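Participant: Structure provided below as structure tokens; questions to follow.
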Amino acid sequence: MAITKKLKTVKIKQNHLLGIQDLSYSEISHILDEAKTFIKLNKSSSKKVDLLRGKTQINLFFEPSTRTQSSFELAGKRLGADVMSMNIINSAIKKGETLIDTAMTLNAMHPDIIVIRHQDSGAPNLLSQKVNCAVINAGDGRREHPTQALLDALTIINRKGKVQGLKIAICGDILHSRVARSNIYLMNMLGAEINVVAPKTLLPHSIERLGVKAYTDMKKGLDNCDIVMMLRLQHERMQGSFVPSPREYYEYFGLTHDKLKLAKKDALIMHPGPMNRGVEIDTNLADDINRSVIREQVELGVAVRMACLKIFCKKI
Amino acid sequence: MKEKYLINARIVDPKNKMDEKGGLIIDEKGQIKAVGKKVNSLNIPNDVEKIDLKDQILLPGLVDMRVFVGEPGFEYKENFRTLSNAALSGGVTSVVSMPNTSPVIDNVSMVDFLKRRGRDKSKINIFPAASLTKNTNGEQMTEFGLLKRKGIAAFTDGIKTIQNPQLMSRIMNFASQSNSLIMQHAEDNILSKGGLINDGEISTRLGLQGIPYLAEKIIVERDLAFLEDYFCRYHISQVSSKKTIDVIRKAKKEGKIFTAGVSINNLSLNENDIGDFKTFLKLSPPLRTENDRISLIEGINDGSIDVIVSDHKPEDEESKRLTFAKAATGAAGVETLLPLALELFHNNSIKLEKLIASMTSNPAKILDIDKGSLDIGNDADLCLLDINKPWVVKQNELRSKSKNTPIENRKLQGQIIKTFIKGEIVFNRS
């Protein structure tokens with residue numbers, strides 16, 4: 001992707017970051033350009049700037065999260081914002097308060113930005129209608145996880161120089177995955193060719209309509225791919241039996257050295273984490289520093305979130 | 001009450017195959033004394049009340065087979081008075097009320113309560129449905145015979161389906177003894193578990209779990225298989241998908257006797273209308289694809305589907321102002337049933353006579369009640385329609401206590417001007 005100075009003048013239309021679907025190509029380029037400027041900062045000894053000094057960021061996580069929540073927290077702090085992470089387990093939500101009421105309560109404290117993760121698809125959209133600060137979606141149900149897709153794109157660009165023209169395989173539990181959906185929208189927009197590979201029971205209805213080719217055979221789906229993106233088998237979102245056993249799943253859909261041979265020689269392995277080692281990915285492959293960019297994804301995640309916080313915080 | 005002469009109308013009465021310029025005489029008891037072209041301004045006696053209908057359309061009052069009242073238990077969503085006002089403004093003069101109240105309408109004493117409340121607080125005719133099973137638990141059947149004798153018009157678990165096939169077969173077997181009408185909400189619980197909208201591209205995009213059409217189809221197929229061995233008066237409350245229509249069409253062709261309904265929502269909207277998580281369009285059965293919608297229209301036209309219902313399910317703001325997954329299911333619609341249905345007439349999808357029959361004579365026939373037609377001797381339950389009047393649906397103008405209309409800001413053509421019950425004008429649009 002061409003990253004030029006010209007694109008930096010792009011204005012983002014949306015007040016909130018609810019999903020990749022709402023963004024245009026130039027808006028995405030703008031976010032990724034911003035993120036690039038933070039990569040270096042995050043590696044330096046003094047990691048703090050005061051771009052968001054005096055701003056308040058609230059992290060509202062209704063689902064347990066380690067990496068996304070800490071990544072957003074760190075991103076906010078490095079930009080100089082006052083960051084508060086709500087502990088939902090002890091909050092009024094557990095006492096039956098609705099999302100709207102929680103939103104109104106928090107809104108009264110004048111935050112500048114709310115980062116929300118929720119188990120229900122569309123929850124950030126609902127929240128954004130009721131508060132007068134920016135809302136950033138940190139994952140809603142099965143719908144979107146925009147910052148994950150953005151950091152995936154940044155990781156690919158960092159390694160491959162561009163996304164356009166690459167062949168990307170997204171493998172595993174597509175049905176329950178918001179990461180898959182956001183990545184499909186984003187990589188499509190950036191000009192990649194996308195295969196999704198999953199057992200039929202984990203492929204959502206009409207997935208081809210999102211602009212992908214669907215495969216149920218890893219050998220065909222990985223053929224000649226530049227990027228192999230593995231997804232976690234999401235036990236917590238599964239009702240009933242989708243696959244017979246982790247063993248059977250690993251046999252046919254787990255990423256192993258043998259299956260990886262079908263992809264390009266320099267194909268990169270990605271995973272949004274947390275990994276189920278030995279279920280969707282061979283443990284040695286996950287740690288292979290020549291192939292796996294899983295740790296780099298986490299590293300660049302902070303930079304992407306800093307860019308998103310900076311851009312959307314100033315919007316309202 | 002003086003005799004009333006309604007003159008200068010276009011009389012449309014599908015049951016009697018009448019569509020002609022004429023009038024209608026209401027006798028002192030509020031019953032229809034004469035109807036048709038013979039009633040005109042030339043033969044009116046002096047001592048009667050004369051009402052000039054100015055060439056508007058006079059119809060039998062509509063019969064809506066699927067309406068939820070909030071009484072008892074959910075009075076804050078809808079009560080008999082607000083339901084009655086809403087219904088009358090839409091030309092609906094008779095409704096079948098669903099038993100999903102708190103407590104559930106599953107015993108004789110509840111029927112007395114309903115009839116008393118209905119009589120005291122509402123002007124429309126309430127035909128209460130009782131549940132098929134105690135507390136709609138799907139375990140123990142209710143007293144069909146005793147309840148029917150008390151005046152229960154039909155039996156249904158309303159928003160629930162009888163899942164247990166053995167129980168369903170016994171219900172159908174036993175109900176035939178009292179000639180009770182069984183109405184099934186067709187949805188397999190396990191296939192639809194966790195589902196929120198139609199299983200398809202939209203559910204994939206919105207990240208909402210889908211409800212496959214199969215959840216509906218296999219219950220219909222199962223029940224129709226039972227019907228061969230355990231014949232009873234059987235009605236499928238609402239059909240939503242093409243595949244189910246195919247099953248129904250085939251079964252009717254083979255001579256099986258049963259009836260089916262469709263919600264006006266499924267006839268007029270599709271899954272795309274859900275847009276950005278609009279909870280007012282979270283419905284059961286769910287809105288499906290445009291192809292499904294078109295097949296439902298075909299179903300009306302070829303007789304596979306007999307009735308159109310409003311599936312009026314008032315929900316208060318607090319029940320809808322939630323995430324899509326947590327929001328209540330259902331939409332208010334009794335007062336927009338006819339105007340919305342008229343869209344299908346105006347866009348040449350369904351002929352007027354067919355459309356009106358599906359909301360008057362057909363439901364009356366299924367329910368076995370003297371409503372939905374202009375038969376001489378029937379109560380003069382009528383409505384007067386300006387079929388071309390353009391108007392826009394506005395939440396805050398709805399008479400229903402809950403404002404959860406799925407068609408806010410929709411531009412409609414056709415509006416009720418007057419509604420009569422037993423010959424009295426009970427609604428008059430100013």
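Participant: Excluding residues fewer than 8 places away in the same chain, name every one of the aspartates and glutamates whose C-alpha is closer than 15 Å to that of residue A:261.
Facilitator: A:217, A:223, A:226, A:282, A:288
Participant: Between A:69, A:30, A:164, whose Cα lies farthest towards the positive end of the dipole of chain A when Lys and Arg beta carbons carry +1 and Asp and Glu beta carbons carry -1, centred on the Cα centre?
Facilitator: The residue sitting farthest along the positive end of the dipole is A:30.
Participant: May I pose another question? Estimate the FRET efficiency between residue B:257 and residue B:409 by the formula 1/(1 + (r/R0)^6), using the beta-carbon distance for r and 25 Å for R0, to the nearest 0.05.
Facilitator: 0.05
Participant: What quantity of accessible surface, computed with a 1.4 Å probe and excluding non-protein components, is buried in total between chains A and B, in Å² to the nearest 100?
Facilitator: For chain A against chain B, roughly 1800 Å² becomes buried.
Participant: Using 1/(1 + (r/R0)^6) with R0 = 51 angstrom and r between the beta carbons of residue B:174 and residue B:19, what's the FRET efficiency to the nearest 0.05?
Facilitator: After rounding, the FRET efficiency stands at 0.75.
Participant: OK, next. What stretch of chain B, leaving out the sites themselves, is the longest with no chymotrypsin sites (Phe, Trp or Tyr not before Pro) in a DSSP loop having at most 15 other Cβ atoms within 10 Å?
Facilitator: The segment B:232-430 is the longest one with no such site.
Participant: Which trypsin sites (Lys or Arg not before Pro) in segment A:201-277 sit in a loop by DSSP (not H, G, I, E or B) and have at most 13 other Cβ atoms within 10 Å of their own Cβ?
Facilitator: Within segment A:201-277, the qualifying trypsin sites (Lys or Arg not before Pro) (loop, at most 13 other Cβ atoms within 10 Å) are A:261, A:265.
Participant: Using a 7 Å offset from the Cα along the Cα-to-Cβ direction at both residue A:46 and residue A:241, what is the distance between the two label points in nm, to one decimal?
Facilitator: For the pair residue A:46/residue A:241, the computed spacing is 6.2 nm.
Participant: Of B:34, B:129, B:230, which is farthest on the positive side of the dipole of chain B, counting Cα position, with +1 on Lys and Arg Cβ, -1 on Asp and Glu Cβ, and the Cα centre as origin?
Facilitator: Of B:34, B:129, B:230, it is B:34.
Participant: With +1 assigned to the C-beta of every Lys and Arg and -1 to the C-beta of every Asp and Glu, and no other charges, what is the dipole magnitude of segment A:196-316 about the Cα centre in debye, to the nearest 20?
Facilitator: Computed charge dipole of segment A:196-316: roughly 540 debye.
Participant: Give a quick list of trypsin sites (Lys or Arg not before Pro) in segment B:177-234 that DSSP marks as loop, anything other than H, G, I, E or B, with at most 16 other Cβ atoms within 10 Å.
Facilitator: Passing both the DSSP loop test and the Cβ count: B:193.
Participant: Further question on the same structure: Restricting to Cα pairs below 8 Å that are 6+ residues apart, what does the relative contact order work out to for segment B:1-42? Please round to a whole percent.
Facilitator: Relative contact order here is 38 percent.
Participant: Let me ask another. Give me a comma-separated list of calculated 3J(HN,Hα) values for segment A:128-144, in order, Karplus coefficients 6.51, -1.76, 1.60 applied at θ = phi - 60°, integers in Hz, x for any Gly or Pro.
Facilitator: 5, 6, 10, 10, 10, 10, 6, 10, 10, 7, 9, x, 10, x, 9, 7, 8
Participant: Same structure, new question: Compute the accessible area of each residue in segment B:175-216 twice, once for its chain alone and once with every protein chain present, using a 1.4 Å probe on heavy atoms, and list those whose area falls by at least 40 Å².
Facilitator: B:201, B:204, B:205, B:207, B:209
Participant: Along the charge dipole of the protein assembly as shown, pointing to its positive end and built from +1/-1 on Cβ of Lys, Arg, Asp and Glu, which listed residue (A:273, B:11, B:206) has its Cα farthest out?
Facilitator: A:273
Participant: Run the accessible area of segment A:150-287 with a 1.4 Å probe and give the carbon-and-sulfur part as a rounded percent.
Facilitator: 47
Participant: What number, rounded to the nearest 500 deg cm²/dmol, is the helix-based mean residue ellipticity at 222 nm of chain B, given -39500 (n - 2.57) per DSSP H run of at least four residues and division by all its residues?
Facilitator: So the helix-based figure for chain B works out to -8000 deg cm²/dmol.
Participant: Moving to a separate point now. Roughly speaking, what is the stretch gain from residue B:302 to residue B:326, that is 0.36 nm per residue apart minus the C-alpha to C-alpha distance, in nm to one decimal?
Facilitator: 4.9 nm
Participant: For a quick check of your reading of the filter: which GluC sites (Glu not before Pro) in segment B:246-324 sit in a DSSP loop and have no more than 11 other Cβ atoms within 10 Å?
Facilitator: Passing both the DSSP loop test and the Cβ count: B:254.
Participant: Computed on alpha carbon atoms, what radius of gyration and Dmax characterise chain A, expressed in Å?
Facilitator: Here Rg and the maximum Cα pair distance are 19.2, 56 Å.
Participant: Which whole-number percentage describes the relative contact order of segment B:304-430, with Cα contacts under 8 Å and a sequence gap of 6 or more?
Facilitator: Averaging sequence separation for qualifying contacts and normalising by length gives 27 percent for segment B:304-430.
Participant: Would you mind checking B:253/B:354; A:213/B:313; B:243/B:394 for any pair whose Cα atoms are more than 30 angstrom apart?
Facilitator: Among B:253/B:354; A:213/B:313; B:243/B:394, the Cα-Cα distance tops 30 Å for A:213/B:313; B:243/B:394.
Participant: Using C-alpha positions alone, give me the convex hull volume of segment B:330-429 per residue in cubic angstrom.
Facilitator: Residue-normalised Cα hull volume stands at 122 Å³.
Participant: What are the residues of segment A:138-163 that lose 20 Å² or more of accessible area, with a 1.4 Å probe, going from their chain alone to all protein chains?
Facilitator: A:142, A:143
Participant: Helix B:80-89 versus the longest principal axis of chain B: what is the Cα-based angle in degrees, 0 to 90, to the nearest 10?
Facilitator: With both axes taken from Cα atoms, the answer is about 60 degrees.
Participant: With every protein chain present, what accessible area does residue A:175 have (1.4 Å probe, heavy atoms only), rounded to the nearest 10 Å²?
Facilitator: Roughly 30 Å² of residue A:175 is accessible to a 1.4 Å probe.
Participant: Under Stokes-Einstein, with the Kirkwood radius over Cα pairs standing in for Rh, what whole-number D in µm²/s applies to the protein assembly as shown at 25 °C and 0.890 mPa s?
Facilitator: Result for D is 86 µm²/s.
Participant: When the dipole is taken about the Cα centre of segment B:62-193, and only Lys, Arg (+1) and Asp, Glu (-1) are charged at their Cβ, what size is it in debye, to the nearest 20?
Facilitator: Here the size comes out at about 380 debye.
Participant: Continuing with this model, one more query. Before I look further, what does the protein assembly as shown give for accessible area per residue, probe 1.4 Å, in whole square angstrom?
Facilitator: 40
Participant: OK, next. Find the lysine pairs in segment A:35-86 meeting two conditions, Cα atoms under 17 Å apart and a separation of 8 or more places or different chains, and report how many there are.
Facilitator: So the count of such lysine pairs works out to 8.
Participant: In the neighborhood of residue A:185, defined by Cβ-to-Cβ distances under 15 Å, what is the net charge if each Lys or Arg adds +1 and each Asp or Glu adds -1?
Facilitator: After counting each charged neighbour, the total is -2.
Participant: With N denoting the number of residues in segment B:369-413, provide Rg(C-alpha) divided by 2.2 N^0.38 Å, to two decimal places.
Facilitator: Cα Rg divided by the expected 2.2 N^0.38 Å: 1.63.
Participant: Also, I was wondering about something else. Only Lys, Arg, Asp and Glu count, each charged at its Cβ (+1, +1, -1, -1), so figure out the dipole size of chain B about its Cα centre, rounded to 20 debye.
Facilitator: 480
Participant: Still on this structure, please answer the following. What percent does the relative contact order of chain B come to when contacts are Cα pairs within less than 8 Å and at least six residues apart?
Facilitator: The value is 19 percent.
Participant: With a 1.4 Å probe and every protein chain kept in, tell me what percent of the accessible surface of chain B is carbon plus sulfur.
Facilitator: Ligands and nucleic acids excluded, carbon and sulfur reach 47 percent.
Participant: Count charges around residue A:78 for me, please; just the other residues with Cβ under 9 Å from its Cβ, Lys/Arg as +1, Asp/Glu as -1.
Facilitator: Once all neighbours under 9 Å are counted, the net charge is +3.
Participant: So if R0 is 60 Å, what FRET efficiency would residue A:216 and residue B:46 give, r being the distance between their Cβ atoms, rounded to the nearest 0.05?
Facilitator: 0.10
Participant: Kindly provide log₁₀ I(q)/I(0) values, in the same order as q = 0.10, 0.13 Å⁻¹, from the Debye equation applied to equal alpha-carbon scatterers of chain B.
Facilitator: Result of the Debye calculation: -0.65, -1.13.
The values are calculated or read from the model by the stated rules, or taken from the named source; none is laboratory data. Here the structure is a predicted model, which means the values were calculated and not measured. FYI the Cβ positions are ideal-geometry reconstructions off the backbone, even for glycines, and counts take in every protein chain you see. Ligands, DNA and RNA are excluded from the accessible area calculation, which covers all protein heavy atoms including side chains. Shrake-Rupley method; radii C 1.70, N 1.55, O 1.52, S 1.80 Å.
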